[in-house]
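Peer 1: Got a structure for you, questions after.
The values are calculated or read from the model by the stated rules, or taken from the named source; none is laboratory data. Owing to the predicted nature of the structure, the values given are computational and were not obtained by experimental measurement. Don't worry about glycine lacking a Cβ; one is built from the backbone with ideal geometry, like all the others, and counts go over all protein chains shown. In case anyone asks, the SASA skips ligands and DNA or RNA and just uses the protein heavy atoms, side chains included. Shrake-Rupley method; radii C 1.70, N 1.55, O 1.52, S 1.80 Å.
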Amino acid sequence: MSIGEKNAAEAHSERGAQLGGRPPGPRGLPFLGNLLDFRRDALRYYSEWSRQYGDIVALRLGTWPAVLLNHSDYVEHVLVKNARNFIKFPFFFRHVREIFGQGLLTSEGELWHRQRRLAAPAFHAQRLAVYGDTTVRFTERMLESWRPGDLRDVHVETTALTMCIAAKALFNAEVKKDVAEIGQAFNAIVEEIAVRLRRPFRILDAVPTPGNIRYVRAVHRIDRLVTKIIRERREEGGDRGDLLSILLLGRDEENQSMSERQLRDEVITLLVAGHETTAIALSWTWYLLAHSPDVDAKLAAELRDVLGGRAPTVSDLPQLTFTQQVVTEALRIYPPAWGFGREALADCEIGGYAIPAGTTIIISPWVLHRDPRYFEHPTEFRPERWSGDFARQLPRFAYIPFGGGPRICIGNRFAMMEMILILATVAQRYRLQWHGRGPVVPLPSITLRPKGGIRVQLAPRAR
Ligand code: HEM
């Protein structure tokens with residue numbers, strides 16, 4: 001089927017209307033539903049179910065009824081056309097409340113609306129130019145410690161780099177000294193959340209299980225850093241024009257400033273959301289490049305032609321078309337936000353099927369991005385596919401690494417700019433040669449981390 005065809009959605013609708021009720025789906029176990037499959041290998045089962053049952057699949061996650069949406073039109077219906085009927089995934093957010101609180105990622109309603117409006121100016125084009133300079137400066141600083149022949153885990157390196165960039169760009173804070181501690185704390189949090197998501201029952205945060213204890217300790221460590229960042233800025237005073245100033249100086253309609261707790265939640269959310277996904281996307285980009293010498297050579301040629309050895313700037317971005325295609329394609333094959341969800345507030349209909357209030361809606365960029373109806377040879381790394389008007393012809397919600405609708409990632413343009421500039425800065429100097437054993441397995445936790453990291457050896461480029 002060619003790109004743009006909506007037959008599947010239409011056919012499904014008709015079938016739904018004929019059948020009336022519940023969409024088809026895999027049989028579940030008593031009490032557990034499909035949780036065991038989800039736990040064993042969510043990426044594989046989501047893909048299999050979409051192939052087997054089609055564009056909308058009924059599941060049960062423990063006692064929760066859920067549907068997996070595998071068609072661009074249905075995703076658009078939930079994220080945009082009928083967005084008011086869906087809230088973010090309470091099933092998931094109850095597990096991350098301790099760390100994100102009521103920040104932008106997790107809040108709803110009027111609070112979310114106000115905070116999103118407040119934070120938006122920090123992501124306007126003029127600010128992005130400043131963030132671009134920070135990105136290149138910090139990447140060069142990282143490269144000062146790199147030597148030809150070094151063995152590196154590029155996931156570890158980029159996580160430290162993007163954390164420093166996010167802290168500096170958004171909050172004007174230097175966190176180089178804290179990176180190892182924060183990285184460890186954040187790993188503990190991600191691991192515990194992955195366990196919680198797969199558990200068929202809920203254990204309250206207050207119960208002192210080893211996982212809960214590690215989680216709470218890790219949250220405290222991150223809290224300490226964030227409190228330090230906020231305190232230092234308060235002591236400094238003034239308006240630096242960055243996100244932290246916007247948050248500190250912002251006033252609501254009643255001229256009230258943000259509460260300490262709200263400020264903490266926003267800073268943590270943006271620090272975490274602002275670096276983790278970007279680092280993962282870059283790690284997978286290098287993994288793919290290390291296995292695709294032709295693509296890597298074409299990338300190096302573009303960088304030579306456009307930059308001729310000098311550092312990139314934001315104004316080079318329009319010329320770095322292939323570099324952008326490389327990042328776009330890597331985000332397609334390994335979308336860091338591999339799955340996200342909503343919950344229906346009221347009964348509704350999707351594709352002709354009745355969806356009762358309270359149903360969990362699962363949207364998986366992993367599945368959509370690998371659908372052969374939208375992408376020919378979907379598992380192949382082919383940045384050239386993004387040439388010409390391919391993106392314009394694609395159904396709008398077939399490619400959603402940053403989500404869509406009102407809750408689209410606030411940092412999407414920042415992230416794209418950052419990834420292209422980091423890739424351009426590093427790839428001019430080094431080819432990252434694969435030094436791992438066997439294929440790297442993607443770990444579907446909150447994000448799609450590469451299990452065991454991405455081990456590479458630094459091969460200098462001929463200047
Ligand atoms: C490659 C990098 C990134 C990817 C793949 C990514 C992906 C996403 C996705 C899919 C969502 C929507 C989730 C949903 O609808 O449930 C989201 C939301 C969000 N992202 Fe990103 N993100 C990235 C980088 C960033 C950066 C750099 C920042 C901040 C500097 C950021 C901050 C946020 C925030 C605050 C939200 C919540 C927005 C809202 O609900 O209003 N992200 N991101």
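Peer 1: Could you look at the range 166-294 and say what percent of its accessible area is carbon and sulfur, using a 1.4 Å probe and all protein chains?
Peer 2: About 52 percent, which is the carbon plus sulfur part of the accessible surface.
Peer 1: Extension gain residue 357-residue 133, at 0.36 nm per residue separation less the Cα-Cα distance, in nm?
Peer 2: Difference between extended and current length: 75.9 nm.
Peer 1: Turning to a different aspect of this structure: For Cα pairs less than 8 Å apart in space and 6+ apart in sequence, what is the mean separation divided by the residue count of the range 205-318, i.e. the relative contact order in percent?
Peer 2: Contact order relative to length: 15 percent.
Peer 1: Of all DSSP beta bridges in the chain, what percent run antiparallel (nearest 5)?
Peer 2: Antiparallel bridges make up about 90 percent of those DSSP assigns within the chain.
Peer 1: Find, among the GluC sites (Glu not before Pro) in the range 29-137, those assigned to loop by DSSP (not H, G, I, E, B) with at most 14 other beta-carbon atoms within 10 angstrom.
Peer 2: Hits after loop and neighbour filter: 108.
Peer 1: Hey, another quick one. How large, in Å, is the chain by the Kirkwood hydrodynamic radius built from its alpha-carbon pairs?
Peer 2: Computed over the chain, the radius equals 23.2 Å.
Peer 1: Tell me which trypsin sites (Lys or Arg not before Pro) from the range 309-352 have a DSSP coil assignment and no more than 10 other beta carbons within 10 Å of their own.
Peer 2: Those that pass, being in a loop and sparsely packed, are 310.
Peer 1: Continuing with this model, one more query. Please list, by residue number, everything in the range 49-63 whose backbone N is under 20 Å from a paramagnetic label point 7 Å out along Cα→Cβ of residue 82.
Peer 2: The answer is 54-61, whose backbone nitrogens lie closer than 20 Å to the label point.
Peer 1: Over the chain, what is the relative contact order in whole percent, taking alpha-carbon pairs under 8 Å and six or more residues apart?
Peer 2: Taking the mean separation of contacting Cα pairs over the length of the chain, I get 26 percent.
Peer 1: Further question: Cα-based Rg of the range 100-207 per 2.2 N^0.38 Å, rounded to two decimals?
Peer 2: The value comes to 1.38.
Peer 1: How many Lys pairs in the chain lie less than 20 angstrom apart by Cα atoms, where the lysines are 8 or more positions apart or on different chains?
Peer 2: The number of close lysine pairs in the chain is 6.
Peer 1: Sequence gap at least 6, Cα distance under 8 Å: using those rules, report the relative contact order of the range 314-463 to the nearest whole percent.
Peer 2: Answer for the range 314-463 is 25 percent.
Peer 1: Here is a further query. Around residue 48, what is the net charge, scoring Lys/Arg as +1 and Asp/Glu as -1 over all other residues with Cβ under 14 Å from its Cβ?
Peer 2: +2
Peer 1: Then there is this: Accessible area per residue, 1.4 Å probe, Å², for the chain: what's the number?
Peer 2: Per residue, the chain has 44 Å² of solvent-accessible surface.
Peer 1: Here's a follow-up. Volume per residue, Å³, of the convex hull around the alpha-carbon atoms of the range 162-238?
Peer 2: 109
Peer 1: Right, something else. Between the range 313-389 and the range 390-446, what's the alpha-carbon centroid distance in Å?
Peer 2: Taking the Cα centre of the range 390-446 as reference, the centre of the range 313-389 is 11 Å away.
Peer 1: Return, ordered by residue number, the residues of the range 212-241 whose backbone nitrogen is under 19 Å from a label point located 7 Å along Cα→Cβ of residue 257.
Peer 2: Answer for this model: 226-241.
Peer 1: Counting only helical runs of four or more DSSP H residues, what would the 222 nm mean residue ellipticity of the chain come to if each run contributes -39,500 (n - 2.57) and the total is spread over all its residues?
Peer 2: About -16000 deg cm²/dmol.
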